[in-house]
Amino acid sequence: MNDANLEARLTDLEGRYAFLDDLLHHLETVVTTQQRVIDELRDQLQQTREAVRQADLSDGSSQNEEPPPPHY
């Protein structure tokens, strides 16, 4: 291989490395943002479950204690 060919290949590899390095940093940012959103949604789901559970407990009745329909 001559020096010009080797230099061109090295320059190409350096460009690809720079592109991949930039892409990696971008993907890290995306993953971090998605994890933050997942954590927030998980917290909201837990709060919703707790609110529903509290509403069911404060209602004082269960589905088995409902009065029969009027036609009985």
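Where a number appears in this text, it was derived from the coordinates with a stated rule and is not lab data. Worth saying up front: this structure is predicted, and the values here are computed from it rather than measured. We place every Cβ from the backbone using ideal geometry, glycine too, and count neighbours over all the protein chains shown.
Per-structure values
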item	result
Principal-axis tilt of helix 3-59 within the chain, Cα atoms, nearest 10 degrees	10 degrees
Dipole axis of the chain (+1 Lys, Arg; -1 Asp, Glu on Cβ), positive-most option in Val30, Ser58, Tyr17	Ser58
Descending principal axes extents, the chain, alpha-carbon based, whole Å	97, 24, 13
Extension gain (nm, one decimal) between Glu28 and Arg49, 0.36 nm per residue minus Cα-Cα	4.4 nm
